[in-house]
There are 2 protein chains.
Amino acid sequence: MANVKCSIPKGTRDFLPLEMARRNYIFDTIRSVFRAFAFEPIETPSLENLSTLMGKYGEEGDKLLFKVLNSGDFMEGVDFHQDYHKVAPQICDRGLRYDLTVPFARFVVQHRDQLAFPFRRYQLQPVWRADRPQKGRYREFYQCDADMIGSTSLLNELELVQMIDMVFTKLGINVCVKINNRKVLAGIAEMIGAPEKIVDITVAIDKLDKIGLDGVCAELSERGLTDVQIQALGPVFALSGDTGTKLAALDGMFANVEVGKKGAAELNELFSLIAAAGISNRVELDLTLARGLNYYTGAIFEVKALDVQIGSICGGGRYDNLTGIFGMPDVSGVGISFGADRIYDVLTELDRFPADLAHSARVMFINFGPAEQAACVAIAARLRAQSIATLVYPDAAKMKKQMDYANRRAVPFVAFVGESEMRDGTVTLKDMATGSQETLTIAQLIEKLR
Amino acid sequence: MANVKCSIPKGTRDFLPLEMARRNYIFDTIRSVFRAFAFEPIETPSLENLSTLMGKYGEEGDKLLFKVLNSGDFMEGVDFHQDYHKVAPQICDRGLRYDLTVPFARFVVQHRDQLAFPFRRYQLQPVWRADRPQKGRYREFYQCDADMIGSTSLLNELELVQMIDMVFTKLGINVCVKINNRKVLAGIAEMIGAPEKIVDITVAIDKLDKIGLDGVCAELSERGLTDVQIQALGPVFALSGDTGTKLAALDGMFANVEVGKKGAAELNELFSLIAAAGISNRVELDLTLARGLNYYTGAIFEVKALDVQIGSICGGGRYDNLTGIFGMPDVSGVGISFGADRIYDVLTELDRFPADLAHSARVMFINFGPAEQAACVAIAARLRAQSIATLVYPDAAKMKKQMDYANRRAVPFVAFVGESEMRDGTVTLKDMATGSQETLTIAQLIEKLR
C-alpha cells in the first residue's frame with residue numbers, strides 16, 4: 001500500500017488554512033446578514049433520490065448529475081447493451097445534489113406542516129456538477145442561498161436588495177445591483193407578437209449602445225424577427241437613460257398588455273421602496289437582464305462588481321411555482337444566491353481580505369524545558385479561556401526552530417517565560433512585526449492580546 | 001412531473017431550523033475550542049479517488065464506501081458477469097469520503113511543503129457510509145476532528161485532554177475521559193506470549209468487576225488462552241484501584257518488556273501533566289480501553305458522558321505512521337474526534353441546550369400598512385446593522401395572523417409602530433413571554449434588544 005499517488009479528483013479542491021480563513025470570512029459575513037434579517041438555517045442531505053433531481057435541470061443537467069452506485073446486487077436484470085443514460089438510472093437510485101433550490105422545494109413540501117410561512121430559510125452547503133472543469137468552475141462548490149417562500153409582498157424583494165447591499169458593504173466590494181422583471185420581458189414579447197423571441201430581443205437591447213439602432217435591427221432580422229415585429233419594438237429601444245426615466249416610460253408602454261403592465265407596476269413599487277430605504281450601492285433597472293427565464297416569474301436580480309471584471313457575483317429572483325413540481329402548487333417565493341468562489345476572486349484581486357485572517361494563532365510560548373513549559377501551560381490555559389488563540393511550542397527545541405515555526409504560522413506575538421519571569425509571575429512578549437519586547441503581568445498580557 | 005413523492009434516501013436527514021441552531025451550537029463550541037488552541041481549519045473534497053480510499057478501512061469498509069458512477073462510456077470493456085465488488089471499481093473512479101482521517105493523511109502528504117509542522121488542523125465536514133441505518137447511525141454524518149502531526153511531545157496529548165475538558169465544560173456535560181496506551185496493551189500481550197489475544201484480554205479485564213476473577217479466567221480459557229498465559233496475567237488483574245495506584249503498579253510490571261515499559265512511562269508522564277494542568281472533568285486510566293488497535297500506537301482516549309447512558313462521545317489517540325500509506329513514513333501524530341450526533345442526543349436528554357437557540361428572530365414589527373411599513377423598514381435597518389435579528393411582517397395582514405406568525409417563529413419581542421409612534425419617533429415593544437408593553441425611543445429599543 002506504500003507510495004500511493006496523492007491526488008484528488010479533477011475539478012475538486014483542498015482548502016489550506018489561509019484559504020479556509022478567507023472563505024470562512026466570506027461565509028460568516030453572508031451568514032451574519034442572513035441572520036440579521038431573521039432567516040432560519042436548514043440543511044438537506046448531500047444525497048437525494050435521483051427521482052427528486054432528474055428532469056429538474058433540463059437534459060443537460062441530468063447528464064451533469066453525479067450518480068451514486070447502488071450497493072448489493074445492482075446488476076441483476078440490467079441490460080448493459082444500452083447507452084449510459086439508459087443504464088445509469090437502473091444501477092443508481094441516488095445522486096449528489098446539483099443545487100440548493102430543488103432540494104429546498106422538496107424540503108418545503110415534505111415539511112410544510114412544521115414550517116412557519118412565510119418561511120425564510122438560508123442554506124450554505126456544497127453542490128456537485130459533473131461539468132468540464134475550467135478556471136473558476138469546479139465540480140464541488142458552495143452555494144449560499146436565502147429564500148422567502150409563501151409571500152407575494154414586494155417587501156421581500158426590498159429586503160433581498162438590502163441584504164445584498166449589506167453583504168457587499170461589509171465585504172468592501174462596490175457593486176451595482178441590476179434588477180429586471182420577468183413580466184416586463186413577457187409583456188414586450190407579447191406586445192410584438194413573438195413570445196418565443198425573448199432571448200433574442202434582450203440580447204439585441206443589450207447591444208444598443210455598442211452597435212446602434214440600425215445594427216440591432218439588422219441582427220434581429222437575422223434572428224428571424226419580421227419587420228413589423230422589429231418596428232413594434234420601437235418603444236422598447238426608446239427606453240434609455242437612468243432608472244427613473246425608464247420606469248416612467250415603461251408605465252405608458254403596455255397599453256393593452258396585462259402582464260407587462262403588472263411587471264411595470266411591480267418595478268415601480270420596488271424602486272420606490274428601494275429609494276425610501278436608502279441603499280448604499282448602486283441599484284438600477286436593466287431591461288437586458290434575462291436570467292433563468294423558464295424559472296422566474298417576477299423580479300430578477302443580478303449583482304456585478306464595479307471594480308473587477310468578472311461575471312455576476314450574486315443573483316436571484318421571484319418564482320411562483322417552485323414547489324409545484326413536488327405537488328404543492330401556487331406558493332410564491334423569492335430568493336438570492338451568493339457566489340462565494342467569485343466573491344473570493346474579487347476580494348483577492350482587490351486585496352481586500354482583512355490582514356488578521358492570516359493569524360490562526362495570536363501568541364506562541366517558547367518552550368525552554370519542563371519547568372518553564374508547565375508555567376506556560378498554566379498561562380496558556382488562562383488565555384485560551386478568553387478565546388485567545390494560543391500555542392505552546394511542544395518541545396524545548398532550539399530557539400531558531402521554534403522561532404521559524406512562529407514565523408511560518410504568522411504568529412504576531414511570541415511569549416518568553418524563563419527563570420526570572422517564572423519568579424516574578426510575568427511574561428516577556430515580543431511583537432513580531434516591530435521586534436519590540438515588553439514584560440507584562442498575566443493580567444496585562446490578557447488585556448494586550450484580547 | 002407533478003406530484004413526485006417527497007422523500008430522502010434512507011439513513012439521511014433534513015435538518016429543520018431548531019435542529020440546525022442546536023447543531024450549530026455544538027459545532028460552534030467545538031470550533032471555538034479548536035481555535036483557542038490555535039488549530040487551523042482545512043477542508044478536503046467530498047469526492048476522493050477510490051484508489052485513495054480503498055483498502056484503508058478493511059474489507060468491510062471497502063463495501064461501505066459510496067461509489068460514484070463514472071460519466072461517459074464507462075461500460076466499454078467491462079465484464080458485468082462478475083460480482084459487485086469486482087464490477088464497481090471498473091465503473092467508478094471516485095467515492096465519497098468515509099472519514100476525515102484518510103483524506104487528512106492524503107492532504108498532509110500532498111501539501112507537505114506548504115504546511116508548518118507540527119501541523120495542527122481541525123476539520124468539520126460530513127462523511128458517508130453505506131451502513132445499515134439504525135437509531136443513531138446515519139449514512140451521512142459530520143465528524144469534528146482535530147489532529148496535531150509532526151511532534152511526539154506528550155504536551156500534545158495533554159492539550160487534547162484540555163480541549164475535551166473545555167468543550168464539555170462549555171456544553172455543560174459531565175464527562176469522564178478514559179485514557180490508555182497501546183504500548184501497554186502490546187506489553188501485556190508480549191508479557192504472556194499471546195500478542196494476537198489483545199482484544200480477548202481487554203474484554204476479560206473489562207468484566208473483572210462483574211464476573212470476578214474465576215469467571216474471567218474461565219472465559220479466557222474458552223477464548224483459547226493457555227493456563228500458563230492466564231497465570232501470567234496475574235499482575236494485570238492486580239491492577240485495581242484509582243489511577244494513581246494503577247500507574248504505580250504498572251511501573252514495576254514490565255521488567256523485560258520494552259514496549260510495555262515505554263507505554264507505562266508515557267502514561268506516567270501524561271498523567272503528571274494532567275494533574276499539573278488542573279482539568280475540571282474526571283480523567284482516569286482505563287486498561288480495558290482498546291479502540292482502533294490496528295491503528296493507534298500510543299495514547300488512546302475515549303470520553304463517556306456521566307449522566308446519560310450512551311456510547312463514547314469523543315475519542316482519539318496517537319498514531320505513528322498515518323501518512324506512511326501515502327509514502328511519507330515516520331510522522332507521528334495524535335488526534336481526537338467529537339461525535340456531534342451523540343453529543344446532540346446527550347444535550348437533548350439532559351435538556352441542556354440554551355433556550356435562546358429557539359429564537360431565530362429577536363423582534364418582529366407588525367405591519368399596519370404602507371406608511372407604517374416604511375417607518376418599520378427604517379428602524380429595522382438600524383437594528384439589523386447592530387446584528388439584531390429583525391422581521392418586518394411583509395403584509396398588512398390581520399393582527400391575529402401576524403401574531404400567530406410571531407408565535408410560530410418564537411419571536412421574544414413584537415414591535416408596534418402606529419400613528420402616534422410615527423409622530424413621536426418611538427416604538428411600542430411587547431414582551432411575548434410576560435405580555436408587558438413599553439414605549440421606547442429607537443436608541444432605547446436598540447439598547448434593549450442588543
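Hey, got the average number of other protein chain Cβ atoms within 10 angstrom for residues in B:148-156? Intermediate results must be reported in sequence, preceding the final value.
Working: counts 1, 0, 1, 4, 2, 8, 1, 10, 2.
Counting Cβ atoms of other protein chains within 10 Å of each residue's Cβ and averaging gives 3.
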What does the accessible area per residue of the range A:157-278 come to in Å², with a 1.4 Å probe and no ligands, DNA or RNA counted? 43 Å²
Estimated inter-spin distance, residue A:439 and residue A:219, nm [label 7 Å along Cα→Cβ]: 7.6 nm
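How much of the accessible area of the protein assembly as shown, in percent, comes from carbon and sulfur atoms when a 1.4 Å probe is used?
On the way: 17980 of 36950 Å².
Here carbon and sulfur together make up 49 percent of the probe-accessible area.
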Run the reach check for residue B:398 against lysines, Cα to Cα strictly under 18 Å, same-chain hits fewer than 8 apart removed. What comes back? B:430
Relative contact order for the range B:165-254: what is it in percent, counting Cα pairs under 8 Å that are at least 6 residues apart? 23 percent
Tally Lys and Arg at +1 and Asp and Glu at -1 over the other residues with C-beta under 10 Å from the C-beta of residue A:387: what net charge comes out? +4
How large is Rg over Rh for the range B:100-219, taking Rg from the Cα atoms and Rh as the Kirkwood inverse mean of 1/r across Cα pairs? 1.05
When each copy gets a label point 7 Å from Cα toward the beta-carbon at residue A:256, what are the spacings between them in nm, shortest first? 11.0
Distribution of pairwise C-alpha distances over the range B:71-135, 5 Å bins, in %: 3, 12, 16, 15, 13, 14, 12, 9, 4, 1
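Would you mind giving the mean number of other chain beta-carbons within 10 Å of the Cβ of each residue in B:393-404, as a whole number? All intermediate terms of the calculation are to be shown ahead of the outcome.
Working: counts 4, 13, 6, 1, 2, 0, 0, 0, 0, 0, 0, 1.
That works out to 2 on average.
Using a simple charge model, +1 on the beta-carbon of Lys and Arg, -1 on the beta-carbon of Asp and Glu, nothing else, what dipole does the protein assembly as shown show about its Cα centre, in debye to the nearest 20? Please list the in-between numbers first.
Values: 102 positive and 114 negative charges, 160 e Å.
Charge dipole, the protein assembly as shown, about its Cα centre: 760 debye, nearest 20.
About its Cα centre, how strong a charge dipole does the range B:236-351 have in debye, to the nearest 20, once Lys and Arg get +1 and Asp and Glu get -1 at the Cβ? Could you put the intermediate results ahead of the total?
Working: 8 positive and 15 negative charges, 54 e Å.
Its charge dipole is roughly 260 debye.
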Exposure of residue A:67 as accessible area (Å², to 10), given a probe of 1.4 Å and all protein chains: 10 Å²
Kindly provide the pair-distance distribution of the protein assembly as shown built from C-alpha pairs, with 10 Å bins from 0 and whole-percent values in order of increasing distance. 2, 10, 17, 21, 19, 15, 9, 4, 2, 1, 0
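I need the Kirkwood Rh of the range B:234-357: take the reciprocal of the average 1/r across all distinct C-alpha pairs and report it in angstrom.
Working: mean 1/r = 0.0590 Å⁻¹.
In the range B:234-357 this quantity evaluates to 17.0 Å.
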Per GNM of chain B with C-alpha springs under 10 angstrom, the most fluctuating residue out of B:376, B:217, B:176 is B:376
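Kirkwood Rh over alpha-carbon pairs of the range A:1-75, then Stokes-Einstein at 25 °C and 0.890 mPa s: what D in µm² s⁻¹, rounded to an integer?
Numbers: Rh = 17.1 Å.
Taking Rh from Cα pairs, D becomes 143 µm²/s.
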How far is residue B:211 from itself in the other copies, in nm, if each label sits 7 Å out from Cα along the Cα-Cβ line, shortest first? 8.7
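Where does the charge balance sit around residue A:145 when Lys and Arg score +1, Asp and Glu -1, over other residues with C-beta under 10 Å from its C-beta?
On the way: positive: A:121; negative: A:99, A:147.
Surrounding charge for residue A:145 is -1.
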Counted charge near residue B:69, where neighbours are those whose Cβ lies closer than 10 Å (Asp, Glu -1; Lys, Arg +1): +2
Of A:240, A:187, A:172, whose Cα points farthest to the positive end of the dipole of the range A:161-256 (charges on the beta-carbon: +1 Lys, Arg; -1 Asp, Glu; origin at the Cα centre)? A:172
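Can you give me the relative contact order of the range B:111-195 as a percent, contacts being Cα pairs under 8 Å and 6 or more apart? Before the final figure, lay out each step's value.
Values: 58 pairs, mean separation 19.3, N = 85.
Rounded, it is 23 percent for the range B:111-195.
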Using a cut-off of 21 Å between alpha-carbon atoms, which lysines can reach residue A:170, once sequence neighbours fewer than 8 places away in the same chain are excluded? A:178, A:304
Can you compute the radius of gyration and Dmax for the range A:395-450, using only the Cα atoms, both in Å? 11.7, 31
Could you go through the range A:88-104 in sequence order and give the Karplus-derived ³J(HN,Hα) for each residue, using 6.51 cos²θ - 1.76 cosθ + 1.60 with θ = phi - 60°, rounded to whole Hz, and x for Gly and Pro? 3, x, 7, 10, 9, 9, 10, x, 7, 4, 9, 8, 9, 7, 5, x, 5
Longest to shortest principal axis, alpha-carbon extents of the range B:152-204, angstrom: 45, 27, 11
With unit charges on the beta carbon (Lys/Arg positive, Asp/Glu negative), name the residue among B:377, B:358, B:440 whose Cα is farthest towards the positive pole of the charge dipole of the range B:357-450. B:358
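If you take the accessible area of B alone plus A alone and subtract the pair, what total do you get in square angstrom, rounded to 100, with a 1.4 Å probe? Show your work: numbers first, answer last.
On the way: alone 22780 and 22770 Å², together 36950 Å².
For chain B against chain A, roughly 8600 Å² becomes buried.
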Separation between Cα centres of the range B:414-450 and the range A:19-46, rounded to whole Å: 29 Å
Any idea what the alpha-carbon Rg over 2.2 N^0.38 Å comes to for the range A:298-407? 1.93
Convex hull per residue volume in Å³, alpha carbons only, for chain B: 234 Å³
Calculate the all-directions average of the projected area of the range B:25-147's alpha-carbon convex hull, and give it in nm². 9.9 nm²
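Would you mind giving the average projected area, over all directions, of the Cα convex hull of the range B:213-264 in nm² with one decimal?
On the way: hull surface 16.6 nm².
Hull-based average projected area comes out at 4.1 nm².
Relative contact order, percent, of the range A:399-450 when contacts are C-alpha pairs under 8 Å separated by at least 6 residues? Walk me through the numbers before you get to the answer.
Details: 48 pairs, mean separation 13.1, N = 52.
Reported as a whole number, the value is 25 percent.
With all pairs of different alpha carbon atoms counted, what Kirkwood hydrodynamic radius in Å does the range A:121-162 show? Please list the in-between numbers first.
Details: mean 1/r = 0.0790 Å⁻¹.
Computed over Cα pairs of the range A:121-162, the Kirkwood hydrodynamic radius comes out at 12.7 Å.
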For the range A:148-219 and the range A:344-370, distance of Cα centres in Å: 40 Å
Measuring nothing but label to label, 7 Å from Cα along Cα→Cβ, what are residue B:311's distances to the other copies in nm, shortest first? 4.3
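The values are calculated or read from the model by the stated rules, or taken from the named source; none is laboratory data. As the structure is a computational prediction, the values presented were derived from the model and not from experiment. Here Cβ is always computed from backbone atoms with ideal geometry, including for glycine, and neighbour counts include all displayed protein chains. Each accessible area value is taken on the protein alone, full model and side chains, heavy atoms only, with ligands, DNA and RNA left out. Shrake-Rupley method; radii C 1.70, N 1.55, O 1.52, S 1.80 Å.
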